[in-house]
1. Out of all the residues in region 286-302, which are more than 16 Å from T333 (Cβ to Cβ) and in contact with a strand residue (DSSP E or B) (Cβ under 7 Å, 6 or more places away or on another chain)?
2. Residues in region 95-112: is at least one in contact (Cβ under 8 Å) with a residue 40 or more places away in the chain, in contact with a strand residue (DSSP E or B) (Cβ under 8 Å, 6 or more places away or on another chain), closer than 19 Å to V363 by Cβ and not basic (K, R)?
3. Hey, Y205 hits all of (1) modelled with pLDDT of 95 or more; (2) surrounded by fewer than 22 Cβ atoms within 10 Å (Cβ to Cβ); (3) within 26 Å of H123 (Cα to Cα); (4) not hydrophobic (A, V, I, L, M, F, W, C) but one; which does it fall short on?
4. Which of the following residues is under 22 Å from W358 (Cβ atoms) and either buried (at least 18 other Cβ atoms within 10 Å of the Cβ) or among the β-branched types (V, I, T) (or both): N48, N86?
5. Which ranges mark the strands (runs of 3 or more DSSP E) fully within region 71-167 that have 3 or more residues being within 18 Å of the chain's Cα centre (by Cα) and of a type in the set (S, T, Y)?
6. (1) of a type in the set (S, T, N, Q); (2) modelled with pLDDT under 90; (3) under 16 Å from Y222 (Cβ atoms); (4) surrounded by 14 or more Cβ atoms within 10 Å (Cβ to Cβ): which one isn't true of Q290, the others all being true?
7. Please find, among T312, T263, the residue that is of a type in the set (S, T, N, Q), buried (at least 20 other Cβ atoms within 10 Å of the Cβ) and either under 29 Å from S348 (Cα atoms) or more than 28 Å from the chain's Cα centre (by Cα) (or both).
8. Is it the case that V336 is aliphatic (A, V, I, L, M), more than 20 Å from N208 (Cβ to Cβ), surrounded by 14 or more Cβ atoms within 10 Å (Cβ to Cβ) and modelled with pLDDT of 95 or more?
Amino acid sequence: MTQRVPATPAPGPLEEYLRNFDDLFSKLNQRKAVRRYLEGLLLPMERNKTLTGLANTEPIVGAQHASAQKLQWFLSESSWDPTPVNQQRLELLMESSVTAPNSQGALVIDETGDRKWGDQTAHVGRQYLGSIGKVENGVVSVHSLWADERRYYPLEVEPYTPARWFVKGEADPEFRTKPRIALELVERAVQAGVPFRAVVADSFYGENLGFIEGLEQLELGYVLALRPSHAWWHPQGELGSVEEVARSQFWQPEATGAWQKITRSFRDEHQEDWWALEAVTGPYGPAKAQRLVIVTTDPLTLPELTTWYLVTNLPAPELEQAKERSWPVASLTEVVRLYGLRVWVEQSYKQVKQSLGWAQYQVRSDLAIRRHWQLVCCAFSFCWWACDQEDGWELDQASQPAPEELDHPGAAQGEKKRLSRSAVPPLGDLARGFAASAGVVGAMDHAAALLASVVHQAPTSPAAGAA
């Protein structure tokens, strides 16, 4: 058997990480390209992480440079399959003591929409893009992520293809709605043996009856958001929407009524007092198949950005019906904890994806886009993997930077990013023993900064014994 020719090594621990994937890249030029690609994704850059940016060439004329053309070929024409790459990435995460999932985490469903010009890029269409908050031309992808209070990472991602790409439009058997894609991602997580406490998603999925029925058929617990206007059939004169229920409940600082105070703690050492209401109305109640939980920072004004209307099938404690359910009981504190993981993930995951160049691909085919996304996921997962390799680096409260010490990597392009080196976990030290260079130090320090930005505003674990 011919001995494999080694590729030019990547900096420090990145090389060790990528050796786990070498068997999936059969050719030397593929193994070289994956190293250069991830190096570029992990390096902090003022430029966008386009192919010319990753190859460090001039944006226009430099597109014809050999280094940029090699990366273009690697994404668009090379023969490697992104599916086994993702499977290997997840195996490494599940084997690690730092990142192995557990049954107290949440399976978070999230989606990302990014603007793209023209109509030739796969999956592109005029649709709502969450990244800019309006309808525009772009590509939307649906993600499944595993998360707890200490870490989170993507499991799988699938593009949503608008109906215009199908001969029969929405009637085409190949057309998939976003809730249908999300349910498929949940099924894959179950088949892969990923443990989690509940599926957590925003109101787009919480309002979709087919998605909820699919979760119940899988016998999975869920905590899903509802819109404030969510309503049900009711006689005239009775309460008929979740917001009406919330506004009907008496609350004063000295007389809180049915509202229960819940103190939420975060890793930047601040605490917030929230208020939770277990509503009994319409089809919802602790003794019914679904519970309605309303959570807010101010029961008087119900601020839009800090008020959650949640539906869950996790049974309430101390009820006889709980014995008949397939899921452990969940107190109000536990329901708030689970949905709080989704909010944390949604906010920081977008910033990390932007920093790693999620939407900055310059390819058009479905396969090339999927390859780019998987490489971005590998870059993010490498940060956690490297954390596991560094003895003594614990992502505990003491090691987290304060908000004023670390600007999010998702700051506006061109905006100066301040970084307190003393506040960042010493991932840069992983490069010790290698030749000093801006590339080695920069990639490792940026990985540390990414992780620090992920965890410094994370919620902390609930108090021991909390249901």
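1. Residues satisfying the conditions are Q290, L292, P299, L302.
2. yes
3. For Y205, the failing item is (2).
4. Result: N86 is the single residue among N48, N86 that is under 22 Å from W358 (Cβ atoms) and either buried (at least 18 other Cβ atoms within 10 Å of the Cβ) or among the β-branched types (V, I, T) (or both).
5. 152-160
6. Here Q290 clears every test but (2).
7. Every option except T312 fails the conditions.
8. yes
The values are calculated or read from the model by the stated rules, or taken from the named source; none is laboratory data. Note that the structure is predicted; figures quoted are calculated from it, not measured. In this analysis, Cβ positions are derived from the backbone assuming ideal geometry, glycine residues included, and neighbour counts consider all displayed protein chains.
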